[in-house]
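The block underneath contains the structure these notes are about, expressed in structure tokens.
The values are calculated or read from the model by the stated rules, or taken from the named source; none is laboratory data. Since this is a predicted model, take the numbers as computed values, not measurements. A quick note on method: Cβ atoms are made from the backbone with ideal geometry, for glycine too, and the neighbour counts reach across all protein chains shown.
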Amino acid sequence: MRLLPLALFLFPVLVCQQAVAGQKSVTLYLDGARVEQELSVSGGYLELPLPDGFAPGSLRVKAPGGTVLRVELVPAEQDRRRAGEIARLRERRGELQDRMDALARREEIFSAAARSQSGKAPRKTKANPDPVVTLQQGTEFALNQMEAVYRSKRKCRLALDSVERELTAAAKGVASARIWISGAKARVSYLVGNARWIPSYDLRFSGEGGAELLLHAKLPQREKGVQYQVARGTTAKQATAEPVRDDFPVLARYPLTATRAAGADPPERFAFAPVEAGLPPGDAALYWKGEYLGSAPFSGGGSTGFTLGQ
């Protein structure tokens, strides 16, 4: 989510002010990300929207050349941006609940009709010369209607469950931060738990004894104009971060000392000297003489082998 501070009328004595977004950077860790941004402030006040994955307690605010006077976190249910979405979802939930009630009533009606048809004694009349067929047709009609009701209830229940999940997410957590400062700039940072980099490896064997292990960082969808960095650590144990320019950068290359390749031609099982300790587990793509053979889980640091199909 972009950090686009919103102008907000809070009290009659406050003048609506707008913060101008400045440079933004995101440092991705193995378990989350740190967002940092500098904002230009006019009037000493800004409201900072916070993303859904915001980690409570992680917000930090500085005012270069000034002072942070006050910071107030706004729960999702009290945020006017979220209030409209919450109201829409609650209305949709009510509509779906009404639909479920109507379908339950239809189910009762057709269930009673099916029991009634099956319990009738066939009686031949001039108007109904073949009562057995008529009863069968009536019963089949009631059962077909019940099947249609069951299908509609299933679809309605799935839609209702989806709305309930959206409503829970929309009403949960902190939606924004209200910040008062003395000064013209604010520097903010916070953690998010729903963005991280994912380890991904290339195992490249030349077929002539040479081999190489490449560690890639698979990045989430990137925001335009934002500087991204990757740190080979966690948010709790931060490591040195390095800037990246694409969504699948190479973080490191390691020579592999292959000791054995077994299986068909091309082989599917490889043994090699232990790789560097501390490498995180992830998926690995296997290449043999430049040809891609497939992917499989790779245990990372200390590994001494790799097998496709596991």
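Flag: residue 281 matches the condition of being within 23 Å of the chain's Cα centre (by Cα) and either farther than 29 Å from residue 190 by Cβ or of a type outside the set (D, E, K, R) (or both). Pairs are defined by a Cβ separation below 7 Å, a sequence spacing of at least 6 or placement on different chains, a first member in the stretch 190-201 that is touching a residue at least 24 places away in the same chain (Cβ under 8 Å) and surrounded by fewer than 22 Cβ atoms within 10 Å (Cβ to Cβ), and a second member that is among the charged types (D, E, K, R) and not in a strand (DSSP E or B); the pairs so defined are 194/52; 196/31.
The set of residues from the stretch 243-254 being surrounded by 12 or more Cβ atoms within 10 Å (Cβ to Cβ) and over 15 Å from residue 284 (Cβ atoms) comprises 244, 247, 249. Kindly indicate the residue of the stretch 247-274 that is at pLDDT below 90 and either of a type in the set (Asp, Glu) or closer than 30 Å to residue 33 by Cβ (or both) and also nearest to the chain's Cα centre (by Cα) among those meeting that condition. Here the answer is 268. For the stretch 226-242, does any single residue satisfy the condition of being of a type in the set (Ser, Thr, Tyr), part of a strand (DSSP E or B) and over 16 Å from residue 30 (Cα atoms)? No, there is no match, as no residue in the stretch 226-242 is of a type in the set (Ser, Thr, Tyr), part of a strand (DSSP E or B) and over 16 Å from residue 30 (Cα atoms). Look through the stretch 211-230, keep the residues that are within 23 Å of residue 281 (Cα to Cα) and among the small types (Gly, Ala, Ser), and return whichever of them is surrounded by the fewest Cβ atoms within 10 Å (Cβ to Cβ). By that ranking, first place goes to 211. Going by the conditions given, is residue 204 assigned to a strand (DSSP E or B), under 30 Å from residue 290 (Cα atoms) and basic (Lys, Arg)? When the stated conditions are applied, residue 204 passes them.
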